[in-house]
1. Output the residues belonging to region 89-129 that are buried (at least 17 other Cβ atoms within 10 Å of the Cβ), part of a helix (DSSP H, G or I) and among the charged types (D, E, K, R).
2. What are the residue pairs meeting all of these: first residue in region 143-159, first residue free of Cβ contacts under 8 Å to residues at least 24 places away in the same chain and over 13 Å from Glu89 (Cα atoms), second residue outside any helix (DSSP H, G or I) and open to solvent by 20 Å² or more (accessible area, probe 1.4 Å), Cβ atoms under 7 Å, and 6 or more apart or on different chains?
3. Looking at region 188-212 only, could you name the residues that are over 20 Å from Phe90 (Cβ atoms) and of a type in the set (Lys, Arg)?
4. Take region 1-29 and flag every residue that is outside any loop (DSSP other than H, G, I, E, B) and either open to solvent by less than 50 Å² (accessible area, probe 1.4 Å) or among the aromatic types (Phe, Trp, Tyr) (or both).
5. Could you say which residue among Tyr54, Tyr83 is surrounded by 11 or more Cβ atoms within 10 Å (Cβ to Cβ), among the hydroxyl-bearing types (Ser, Thr, Tyr), under 19 Å from Leu140 (Cα atoms) and modelled with pLDDT under 95?
6. Are any residues in region 130-143 open to solvent by 50 Å² or more (accessible area, probe 1.4 Å) and at pLDDT 95 or above, and if so, which ones?
7. All but one of (1) open to solvent by 100 Å² or more (accessible area, probe 1.4 Å); (2) in contact with a helix residue (DSSP H, G or I) (Cβ under 7 Å, 6 or more places away or on another chain) hold for Tyr72, so report the exception by its number.
8. Within region 59-88, how many residues are over 18 Å from the mean Cα position of the chain (by Cα) and either on the phi > 0 side of the Ramachandran plot or not in a loop (DSSP other than H, G, I, E, B) (or both)?
Amino acid sequence: METFFIKDGNTCFFGKCYYCKPEEAACAKGEVMEGAVTLWLPEWYTLKTWRHPYQRTYRPGFQARWEHDSKYCRELMKPSSEYYYGILEFTETAIFDFLMGNADRHHYEVFAKAAKHGRLMHIDSAKSFGNPLHDEQSVLAPLVQCCRLRESTWQRLQALRSPPEGPLSKVLDTSLKRDPVYPILTPEHLVAVDRRHSIAMRVVEQCIKKHGRDEVIVSSWPQR
């Protein structure tokens with residue numbers, strides 16, 4: 001309870017984590033606040049946490065290397081890089097986070113037995129679906145700089161662009177209707193999802209135009 005306090009008559013709290021600060025607390029309206037439920041994985045699902053190569057510094061006036069070095073991914077794509085085998089994981093997750101407006105992917109988790117070569121777990125996305133009018137395009141930096149994407153992901157993105165399978169907002173809204181607390185996302189958020197989907201598609205198309213489809217859209221990494 002030491003992280004709870006009263007501000008302007010409203011109950012506020014901040015989390016316990018490396019980046020959590022009292023000045024960035026979340027405040028209710030009085031004592032009422034919308035929230036989310038955290039579902040814990042079974043205890044036998046042992047995860048390992050690694051620092052994300054596109055982590056932000058969270059320090060005003062101090063940029064991470066990827067924010068000012070457009071060729072940063074060239075280092076990651078060298079076989080000697082500790083992040084070499086995760087290139088497709090980082091570009092896919094960038095699209096996933098961009099669609100939700102999540103700019104807080106500072107670490108990532110994989111199953112412990114897989115070490116760094118495992119599939120990235122898309123968990124800890126609490127800072128998502130905030131301002132639907134703002135598209136934080138820096139989240140797409142891994143895709144912009146690395147220009148690599150799985151063939152299956154690219155095909156799915158294309159299918160979700162328009163009917164019969166798309167647009168993405170319709171698929172998402174239909175899925176959420178099964179939830180007892182529907183509607184979960186506002187109409188503005190659904191519009192934002194389609195807008196961001198189009199932006200991500202354009203980034204991939206620009207990569208293809210620059211490097212060629214065979215180099216950008218791949219079935220596996222490293223390429224064989």
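The values are calculated or read from the model by the stated rules, or taken from the named source; none is laboratory data. Note that the structure is predicted; figures quoted are calculated from it, not measured. Don't worry about glycine lacking a Cβ; one is built from the backbone with ideal geometry, like all the others, and counts go over all protein chains shown. Surface areas here come from the heavy atoms of the whole protein model, side chains and all, with no ligands, DNA or RNA. Shrake-Rupley method; radii C 1.70, N 1.55, O 1.52, S 1.80 Å.
1. Passing the criteria: Glu89, Glu92, Asp97.
2. Ala159/Glu165
3. Arg195, Lys209
4. Answer for region 1-29, where residues must be outside any loop (DSSP other than H, G, I, E, B) and either open to solvent by less than 50 Å² (accessible area, probe 1.4 Å) or among the aromatic types (Phe, Trp, Tyr) (or both): Phe4, Phe5, Asn10, Thr11, Cys12, Phe13, Ala26.
5. Residue meeting the stated conditions: Tyr83.
6. Leu133, His134, Glu136, Gln137
7. (1)
8. Residues flagged as over 18 Å from the mean Cα position of the chain (by Cα) and either on the phi > 0 side of the Ramachandran plot or not in a loop (DSSP other than H, G, I, E, B) (or both) within region 59-88 amount to 11.
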